[in-house]
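Everything below concerns the one structure shown next.
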Amino acid sequence: MDNTHCSGYFSTTMKTKIMPFFTVLLVALLVPAIAYAELPRSILGLTLGENVKKYENLLWMNGATKLSDTPFLTEVNIRDTAFPGIRGGSVTYGNCAHPGMLIGLKLKFDDKDPSLFDQLYDLYEKKFGKPDEWQGDAFHTVRSWKWMVTEGDQRINIVLTYSKDPTMRPGVSIKMVMHTTWMEEYDCYNAKIGEKHPPAKPMPASKLNLQDYVPHAP
């Protein structure tokens, strides 16, 4: 085999081997992105997974606060005039594994009529199917349904709620959380805290004097 034929042979052989490799690599890179894009993570122009800076004009950024129960998340309220029909709400974003990434949001409607809840429920069931979990109470003071929508290894939790409980700001609300990303933030925070402050050994209830935990007159 002369040099010309050798060169052509190796060139063709390398192209044959390299092209499938890059095809597989491209597919591997695109599949998660496509699956991520298919998740229902947008509402009223807010998109979970985007950076909070994209929506600063809709938010009270000067009031951003780390949540006490979930300190790996920062919450900021939505401006009262940001969206028609919405009287309040907030977004949460990561501050550990994904700093600045929108992970959750809550929206509360002006209209407090339970018929709004029923109309939205019908739309949600049509789009997402039957809900996965009931989160309300037995007396229907709070009516709340949860959908868990999954694409690939990502999951979005969507919760539709109607409440008559005055401690929950009565009315109709929508809550969305990127569960998978939430867990990544949780794991990141715990890893950092574990390095600085090893967790204290929990005390079993059997060693407590439960009488100390009954409210009494001073």
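For ARG87, which of the numbered conditions (1) assigned to a strand (DSSP E or B); (2) modelled with pLDDT of 95 or more fails to hold?
(2) is the only condition that ARG87 fails.
Just checking, does the range 188-195 include any residue being modelled with pLDDT under 90 and exposed (fewer than 10 other Cβ atoms within 10 Å of the Cβ)?
Yes, because at least one residue in the range 188-195 is modelled with pLDDT under 90 and exposed (fewer than 10 other Cβ atoms within 10 Å of the Cβ).
Quick check on the range 38-49: of everything there that is at negative phi and hydrophobic (A, V, I, L, M, F, W, C), which residue is surrounded by the fewest Cβ atoms within 10 Å (Cβ to Cβ)?
The extreme case among them is ILE43.
Exactly one of these conditions fails for ASP80: (1) more than 27 Å from ASN190 (Cβ to Cβ); (2) assigned to a strand (DSSP E or B). Give me its number.
Here ASP80 meets the rest and fails (2).
Of the residues that make up the range 49-56, is at least one under 18 Å from ARG169 (Cβ atoms), in contact (Cβ under 8 Å) with a residue 12 or more places away in the chain and within 17 Å of the chain's Cα centre (by Cα)?
no
I'd like the full set of residues that are part of a strand (DSSP E or B) and surrounded by fewer than 20 Cβ atoms within 10 Å (Cβ to Cβ), limited to the range 91-102.
MET101
Name the single residue that is farthest from THR180 (Cα to Cα) among those in the range 114-164 being among the acidic types (Asp, Glu) and in contact (Cβ under 8 Å) with a residue 24 or more places away in the chain.
Applying the filter and picking the extreme gives GLU151.
Would you confirm, using the coordinates I've provided, whether LYS127 is at pLDDT 90 or above, assigned by TED's automatic domain parsing to the domain that holds GLU75 and more than 20 Å from VAL91 (Cβ to Cβ)?
In short, yes.
Answer yes or no: is there a residue in the range 50-65 that is loosely packed, with under 13 Cβ neighbours inside 10 Å, in a strand (DSSP E or B) and at pLDDT 95 or above.
Within the range 50-65, one or more residues are loosely packed, with under 13 Cβ neighbours inside 10 Å, in a strand (DSSP E or B) and at pLDDT 95 or above.
Of all residues in the range 103-133, count the ones that are assigned to a strand (DSSP E or B) and exposed (fewer than 14 other Cβ atoms within 10 Å of the Cβ).
1
The values are calculated or read from the model by the stated rules, or taken from the named source; none is laboratory data. Remember, predicted model here, so these are calculated numbers, not experimental data. With ideal geometry, Cβ positions are generated from the backbone for all residues, glycine too; neighbour counts draw on all protein chains shown.
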